[in-house]
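The values are calculated or read from the model by the stated rules, or taken from the named source; none is laboratory data. Here the structure is a predicted model, which is why all the values come from computation and not from measurement. Ideal geometry is used to build each Cβ from the backbone, glycine not excepted, and the neighbour counts take in all protein chains shown. Surface areas here come from the heavy atoms of the whole protein model, side chains and all, with no ligands, DNA or RNA. Shrake-Rupley method; radii C 1.70, N 1.55, O 1.52, S 1.80 Å.
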Amino acid sequence: MFSSDYDPENITRILFRDFPTWMLIVFYIVAVIAIGVFLYGVWAQIRKYRRGVRSGAWTPFWPRFRNMVGTVLSHRTVKRRARMAGSMHAWIFYGFTLLFIGTSLITLDQDITGPLGFHFWYGWFYLVFGIVMDVAGVALIVGLLYMMYRRKWLALPKLDYTRPDREPGDPDYDRSGYRREDWAFLWTLIIIAITGFLLEASRVVWLQNEAIVWDVRWHAPVGTAIAYVMMGLGLGPEGGGDLRMGLWWFHGILALTFIALVPYTKVMHIFTTLGSLMARDPEGKRRMPSVDVDAEHIGVSHFSDFTDKYLLQFDACTKCGKCHEACPARAGDYPLSPRDLVLTLRELANDTQWKSAPPAEPVRVIGEGVNMVRPETLWSCRTCAACIEICPVGIEHLPMIVEMRRALVEEGEFDPMLQPTLRSLQKSGNSLGESKRKRPRWTRKLDFEIKDARKEPVDVLWYVGDYASFDPRSQKVTIAFARILNAAGVSFGILYEDEQTAGNDVRRVGEEGLFQALAEANIELLDSCEFKTIVTTDPHTYNTIKNEYPEFGGNYTIEHASMMLERLIREGKIPTPVELDYRVTFHDPCHLGRINGDVEPPRQVMGQLGLDLVELPRNRDNSFCCGAGGGRIWLGDPPDTKKPAELRAAEAAGIGGLDVLVVNCPKCLNMMEDGVKGTGNEDNFRVMELIELVEEAMGLSDDPAPDEDDETASETAASA
Amino acid sequence: MKILVTVKQVAALDDEFEMRDDGRDVDEDFFEEDLNEFDHYSVEEALLIKEAAGDDAEVVIVTVGDEDTDDALRTALAKGADRGIRVWDDSLADADGVAIARVLAKVVEREQPDMVFTGAQSSDFGSAVTGMALAGLMGWPHAAVVCALEYSPGDNTATLRRELEGGLEEIMTIRCPAVLSIQLGINEPRYASLRGIKQAKQKPVDELTLDDLGLSADSIAPASRVRRMYAPEKGQAELITGSAAEQASRLAEIIKELRGM
Ligand SMILES: Cc1cc2nc3c(=O)[nH]c(=O)nc-3n(C[C@H](O)[C@H](O)[C@H](O)COP(=O)(O)OP(=O)(O)OC[C@H]3O[C@@H](n4cnc5c(N)ncnc54)[C@H](O)[C@@H]3O)c2cc1C
Ligand code: SF4
Ligand code: SF4
C-alpha cells in the first residue's frame, strides 16, 4: 500500500528512465518496423481471402459477433472432448489477452493520450494493473508449460501430423515444419513471459532504495519474490539496473518480433479463428451449400471458386487434430484427414495466392500435384460430419469436400463404381439399379394393404427410402415397421412406385443437378398428397427432407421412426408384452444423432422395452460412423484399408456379455452386419434394428397371421 | 476434322414384364430407356481423341430414333460432344440394323466425317450388325469389336487392336476414313451429370427426316422382321454330387419324378 505521502501521479513506472536519446530513437524505429511488418502481413492475408467468391458469411454482423465472443470467452469448443488442454488453453488465452491489453494501455498512455496531456497509468490504477499483469503472466506460463508437457510427454498421435493422404517420399509428405513451428511458438511465448517477470524483478532490485517504488513492491508480487532471490544471490541496485537494461531490450525486441510475425505464422490463429467462428454456418453439417444449377459452372475445382469464408478457414485451422481423431476415413487408413485437407489447401494458397497480383491462370486445387487435393481423398469422405461437429474454430470441412466433389462430378471423372449408381438414380430414382416398378414390391409380403398416399388422405406419410425398399435385409425391418404401424392403428400410406430417393447421398456425392431434380420431383409429389406428418426409418431421408427440402419449397413435419415409436409406446398404442432380456448397446446413426441431435428417442425406446443398455465408448454426438454415408456404401473399399464398420464392431465387442448391437438406420444395418462378420463377432452378438426389437417385444415377430389383433399378439408372446 | 459417333437408345428390361399385344416386343411400360452401354465407350473414345488434339476436332453424335431418344443424344452431348443429329420417321419403327445402317450411310455422306465409331453391339438386341452394315454400304474400311485404338485427327491411318477367339489378339492398321465398332473396356467413360444433360439442350441438334436425307420409306425396308418374342419356359438344372452310388440313386429319383412314377 502506498501512504498519502506520495503524489499518486508519481506512483508509476518510469518507462524509459536512463535511456539515452539514441536508444529511444532506435526503439521507436524497431517498433514502427515491427508494426509495419505486422500490418503488411494482415493486409496481404486479407487480400488473399478477398480473392475468393464473396460469401456474405459475416452478415448479420452483430449476432454473429456476439456468438463468436461467447464461444471464445467460454472456450466451450476448445474444452470439448479435451477438458484439460482446453482449460490450459483458456489460461494461455486469458493470460495473453490481459498482458496484451496491459501493454497496449501503456502504449496508449505513453504515446497517445500522454502527449495530449492525459495520463492514467499511475496511482491505484497502476497498482491494480501490476497485480493483474502478474496473475496473467503466471496463467500464461502455467498454460504454456502444460502445452509443452502435452506435446513432449503425452505424445498424442493427433499432434504428430503424419498425413494419411501422402506416401513417405512425396515432396509434400513431411510436415515436421509444423512441429518445429509449434515448439518455436511455445518457447518464444514462454521466454517473453519469463523475461517479463525477470525484468520486473530487476527493476525492484535496481530501484530498491526509492521508497516510492519499494513501498508498493508487492503490487508486483511475482517480480518482487524473484527480486528477493536476486538480492539473496548478491545482486545490488547497480547490477539490477544493468540487468534491467539488458532484459528490457531482450524482452522488447522479442515481443516486437512476435507481433511482427503474427500474420505469417501459426500465431495468426488468434485472428483467423475469430473470423472463422463468426462466419460459421450453424446448419453446415445438415445442409450442403445451395447452388444455382443453371450456372455456367458449379463446384470447386480452382482456388477462385472457393468463397472468402473457406479461404479464411484454411488459415484458421489450429492443427489441434480433433477432426483428425474423429474422422472414420482417417481411422480406417483411407487417404483422408479433414485436418490435412485444410492444411493442404492452406499450403497451396500460400504457394499460389500470396503474391500481390492474382495468379495469371486459375490455380487448380484437385489433382496429383504438390499440395493438391487428391480425388481419392475427396471420395474417402463419409459425410458423417464428425469433423465439423468437433472443430473448435468452426471450420466446415464437409461442405468443402462436397463442393470439390461437385466439380469432379461435373467433369465426369470419378470412381467407375459410382457411375452405374448415379445412372440408375438418373433413370429410376434409386441407387440400387432397380426399376421404379419394383420399389413397393416388399409390400407383397404383408397380409394387409398399405394405403396409397397418392390416392387417399392419410395421417402419416411414410417415406420409405431406397435401402429400406430394396435391400433384402432392410426389407425385413421395413415389413416390421409396417406391421407395427398397422397394429398401432396408425392411418399411414406410402408413395408406391412414385417414391424416389430423397437425395441425401446424391447431394453429398456431389451430383447437385440430380439432387435438385429429385428434390423438386419429390416435393411436387408430396405436395399433391394429403397427410399430416411424414415418417421415415432412414436418417438420411429424415435429414434431407427436414433440413434441405425447405430450400426448394418443401416444408413438412417429419419424424424419424424412433420418435414415433417412442410416442406410440408411451401413449400405450403399442403394447410390448414380451420381456426382452438383452444386454444391448446402441450405434447412433450420424444423420440422426450427431447431425440432428436426436440422440434420446432411440434410447427412450430401449428404456421402454426394458433393455439393459450399455453405451459404446463413442456415443451420441461423438458416435463413430458405420462408413456408409456420402455415397461410400456404393463404393468398394481398397484392400489396404480398414472398414469403419469393423472398427465400430470391434468397439462394441469390447463391451462384455453383449447380446445385441442395436442400429437405427437401414444403411447402418447393412454395414454393421458386415462389420460384425468381418471381425468374427457373429457368434458373440447380433445386429438388430431398433424396430425389430419393438416388433419382438410386441410379439409380432414370427407370426404374420392375418387379422392379427392385440390378443393374438400377446398369445404369440406368451407361447414364445 | 470430324468424328461421327452413332448412338442408340436401348431398353433395359424390368425383371417382371409383359409382352405387347401383338406379341412381337415387350410392352414399353416395362422397360426403362438408356444410352446403349457400348456407346458410352465409343463416345468416350471420340472425346479422348478430340481432347488429345487440343479440341481440334468436332465430335458429332447421330441417333436414329423418335423424340424420346433425345435423352440418349443429350447424354452423349453432355459428355462433351459438339453437336447432334437425330433422324426419325414413323416408318423406322420396325427397322433392323441394316435399315438403320442405310439411314446412317446417308448421314455419313452428308457429314463427310474422317472417322465413324459405332458401339460393337447394342445391349438390348445385340445383333452387332449396324456398324458393319454401315461400312459395307459406304464401302469404307472397317474393324469390329475394337478394344484399343491409336489415332489422331488428320492421320491417314489408325492402328487398332481386336480380341479374337481363343484368347488371340490382332493389331491392325486401317485406312481412314473408316468405321470402327467399339468394344466395352476400351477406356473409362466419363459420367454425364444431370445438370450437364440439361445444359446440353443448348447444344445444336439437327432433326432430320428421311426426306432431308433423300430417302423414302421403301428404300429403308428392314432386311428382317421379328415374328414373335417370348420368354422360353425355364429349364431346370441340378448339380448332382456325392459318391457314384449316391449320384446314381439321385439320378434315378429324378427320372422317376419326371416320368411321374
Ligand atoms: C453374346 C454374343 C455373342 C456373339 N458371338 C458372335 C460370334 O461368335 N460370331 C459372330 O459373327 N457374331 C457374334 N455375335 C454377333 C455379332 O457380335 C454382331 O452380329 C455384330 O457385331 C453386328 O452388330 P449388332 O447388330 O449387334 O449391332 P447393333 O446392335 O445393330 O448395333 C450396335 C451399334 O450400332 C449403332 N446403332 C444401332 N442402332 C442405332 C440407331 N437407331 N441409331 C444410331 N446408331 C445405332 C450404335 O452405334 C450401336 O452401338 C455375338 C453377339 C452376342 C450378343
Ligand atoms: S465428414 Fe466424416 S468422413 Fe468426412 S472428413 Fe469429416 S469426419 Fe471424415
Ligand atoms: S480443422 Fe478444426 S478440428 Fe481439425 S485440426 Fe484444424 S482446428 Fe482442429
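Scanning the stretch A:16-36 for residues that are outside any helix (DSSP H, G or I), of a type outside the set (Asp, Glu) and exposed (fewer than 14 other Cβ atoms within 10 Å of the Cβ) gives A:16, A:17, A:20.
Residues checked against (1) more than 16 Å from ligand 2 (Cβ to nearest atom); (2) buried (at least 22 other Cβ atoms within 10 Å of the Cβ); (3) on the phi < 0 side of the Ramachandran plot; (4) not hydrophobic (A, V, I, L, M, F, W, C):
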{"site": "A:360", "(1), (2), (3), (4)": "yes, no, yes, no"}
{"site": "A:372", "(1), (2), (3), (4)": "yes, no, yes, no"}
{"site": "A:387", "(1), (2), (3), (4)": "no, yes, yes, no"}
{"site": "A:391", "(1), (2), (3), (4)": "no, yes, yes, no"}
{"site": "A:398", "(1), (2), (3), (4)": "no, yes, yes, no"}
{"site": "A:421", "(1), (2), (3), (4)": "yes, yes, yes, yes"}
{"site": "A:426", "(1), (2), (3), (4)": "yes, yes, yes, yes"}
{"site": "A:438", "(1), (2), (3), (4)": "yes, no, yes, yes"}
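Condition check ((1) open to solvent by less than 10 Å² (accessible area, probe 1.4 Å); (2) free of Cβ contacts under 8 Å to residues at least 24 places away in the same chain) across all residues:
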| site | (1), (2) |
| --- | --- |
| A:578 | no, no |
| A:586 | yes, no |
| A:590 | no, no |
| A:598 | no, no |
| A:607 | no, yes |
| A:612 | no, no |
| A:616 | yes, no |
| A:620 | no, no |
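Report the residue count in the stretch A:152-162 for those that are assigned to a helix (DSSP H, G or I) and either buried (at least 16 other Cβ atoms within 10 Å of the Cβ) or of a type outside the set (D, E, K, R) (or both). I'd like the intermediate steps shown before the answer.
Here is the first cut: in the stretch A:152-162, the ones assigned to a helix (DSSP H, G or I) are A:152-154, A:157-159.
Subsequent filtering for residues that are either buried (at least 16 other Cβ atoms within 10 Å of the Cβ) or of a type outside the set (D, E, K, R) (or both) retains A:153-154, A:157-159.
The qualifying residues number 5.
Note on the stretch B:225-256: residues that are loosely packed, with under 10 Cβ neighbours inside 10 Å, in contact (Cβ under 8 Å) with a residue 24 or more places away in the chain and not basic (Lys, Arg) total 1. Number of residues in the stretch A:259-299 that are over 23 Å from residue A:347 (Cβ atoms), open to solvent by less than 60 Å² (accessible area, probe 1.4 Å) and over 28 Å from the mean Cα position of the chain (by Cα) equals 2.
Assessment of the stretch A:521-536 against the conditions (under 33 Å from the mean Cα position of the chain (by Cα), among the basic types (Lys, Arg) and open to solvent by 10 Å² or more (accessible area, probe 1.4 Å)) yields no matching residue. Among the residues of the stretch B:132-190, which ones are in contact (Cβ under 8 Å) with a residue 24 or more places away in the chain and either in contact with a Cys (Cβ under 7 Å, 6 or more places away or on another chain) or within 16 Å of ligand 3 (Cβ to nearest atom) (or both)? Residues satisfying the conditions are B:158, B:183, B:185, B:186. Just to be sure, is residue A:392 touching a residue at least 12 places away in the same chain (Cβ under 8 Å), within 16 Å of ligand 3 (Cβ to nearest atom), of a type outside the set (A, V, I, L, M) and in contact with a Pro (Cβ under 7 Å, 6 or more places away or on another chain)? It is false that residue A:392 is touching a residue at least 12 places away in the same chain (Cβ under 8 Å), within 16 Å of ligand 3 (Cβ to nearest atom), of a type outside the set (A, V, I, L, M) and in contact with a Pro (Cβ under 7 Å, 6 or more places away or on another chain).
Let's see how each residue does on (1) acidic (Asp, Glu); (2) open to solvent by 10 Å² or more (accessible area, probe 1.4 Å); (3) more than 23 Å from residue A:625 (Cα to Cα); (4) not assigned by TED's automatic domain parsing to the domain that holds residue A:162:
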{"position": "A:337", "(1), (2), (3), (4)": "no, no, no, yes"}
{"position": "A:349", "(1), (2), (3), (4)": "no, no, yes, yes"}
{"position": "A:352", "(1), (2), (3), (4)": "no, yes, yes, yes"}
{"position": "A:356", "(1), (2), (3), (4)": "no, yes, yes, yes"}
{"position": "A:363", "(1), (2), (3), (4)": "no, yes, yes, yes"}
{"position": "A:369", "(1), (2), (3), (4)": "no, yes, yes, yes"}
{"position": "A:375", "(1), (2), (3), (4)": "no, yes, no, yes"}
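Would you say residue A:419 is within 14 Å of chain B (Cβ to nearest Cβ), assigned to a helix (DSSP H, G or I) and either farther than 27 Å from residue A:296 by Cα or under 32 Å from the mean Cα position of the chain (by Cα) (or both)? Yes.
Only a single criterion out of (1) open to solvent by 20 Å² or more (accessible area, probe 1.4 Å); (2) under 26 Å from residue A:367 (Cα atoms); (3) within 16 Å of ligand 2 (Cβ to nearest atom) is not satisfied by residue A:307, namely (3). The criterion of being part of a helix (DSSP H, G or I), in contact with a strand residue (DSSP E or B) (Cβ under 8 Å, 6 or more places away or on another chain) and of a type in the set (A, V, I, L, M) holds for residue A:545. Tallying residues that are within 12 Å of ligand 1 (Cβ to nearest atom), more than 14 Å from chain A (Cβ to nearest Cβ) and among the polar types (S, T, N, Q) within the stretch B:117-167 yields 5. For residue B:41, the criteria (1) open to solvent by less than 10 Å² (accessible area, probe 1.4 Å); (2) within 14 Å of chain A (Cβ to nearest Cβ) hold in every case but one, which is (1).
Residue by residue, here is whether (1) under 24 Å from the mean Cα position of the chain (by Cα); (2) aromatic (Phe, Trp, Tyr) holds:
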residue	(1), (2)
A:20	no, no
A:27	no, yes
A:53	yes, no
A:69	yes, no
A:86	yes, no
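Apart from one condition, residue B:140 fits all of (1) modelled with pLDDT of 95 or more; (2) assigned to a loop (DSSP other than H, G, I, E, B); (3) farther than 18 Å from residue B:5 by Cβ; the exception is (3). Whenever a residue of the stretch A:435-449 is assigned by TED's automatic domain parsing to the domain that holds residue A:478 and of a type in the set (Gly, Ala, Ser), its partners that are surrounded by fewer than 16 Cβ atoms within 10 Å (Cβ to Cβ) and assigned to a loop (DSSP other than H, G, I, E, B), lying with C-beta atoms within less than 8 angstrom and at least six residues away or across chains, give the pairs A:435/B:15. Filtering the stretch B:132-143 to residues that are open to solvent by 20 Å² or more (accessible area, probe 1.4 Å) and within 11 Å of residue B:117 (Cα to Cα) leaves B:132, B:142.
If you scan the stretch A:563-576, which residues turn out to be surrounded by fewer than 24 Cβ atoms within 10 Å (Cβ to Cβ) and out of contact with any Pro (no Cβ under 8 Å at 6 or more places or on another chain)? Result: A:567, A:568, A:569, A:570, A:571, A:572, A:573, A:575, A:576.
Of the set (1) more than 18 Å from residue B:134 (Cβ to Cβ); (2) within 13 Å of chain A (Cβ to nearest Cβ), all apply to residue B:76 but (1). Restricting to the stretch B:233-248, count the residues that are modelled with pLDDT of 85 or more and out of contact with any Leu (no Cβ under 8 Å at 6 or more places or on another chain). Residues flagged as modelled with pLDDT of 85 or more and out of contact with any Leu (no Cβ under 8 Å at 6 or more places or on another chain) within the stretch B:233-248 amount to 9.
Restricting to the stretch B:192-224, what's the tally of residues that are assigned to a loop (DSSP other than H, G, I, E, B) and in contact (Cβ under 8 Å) with a residue 12 or more places away in the chain?
Taking the stretch B:192-224 and keeping what is assigned to a loop (DSSP other than H, G, I, E, B), we get B:192-193, B:203-204, B:209-210, B:214-217, B:221-224.
With the extra rule that they be in contact (Cβ under 8 Å) with a residue 12 or more places away in the chain, the set shrinks to B:192-193, B:203-204, B:209-210, B:214-215, B:217, B:221-224.
Counting residues in the stretch B:192-224 that are assigned to a loop (DSSP other than H, G, I, E, B) and in contact (Cβ under 8 Å) with a residue 12 or more places away in the chain gives 13.
For the stretch A:300-346, which fully contained helices (runs of 4 or more DSSP H) count at least 1 residues that are over 15 Å from residue A:402 (Cα atoms), touching an Asp or Glu at 6+ places or on another chain (Cβ under 8 Å) and at pLDDT 95 or above? Walk me through it before giving the result.
Values: elements: A:308-316, A:322-326, A:328-331.
In the stretch A:300-346, A:308-316, A:322-326 are the helices (runs of 4 or more DSSP H) which contain 1 or more residues that are over 15 Å from residue A:402 (Cα atoms), touching an Asp or Glu at 6+ places or on another chain (Cβ under 8 Å) and at pLDDT 95 or above.
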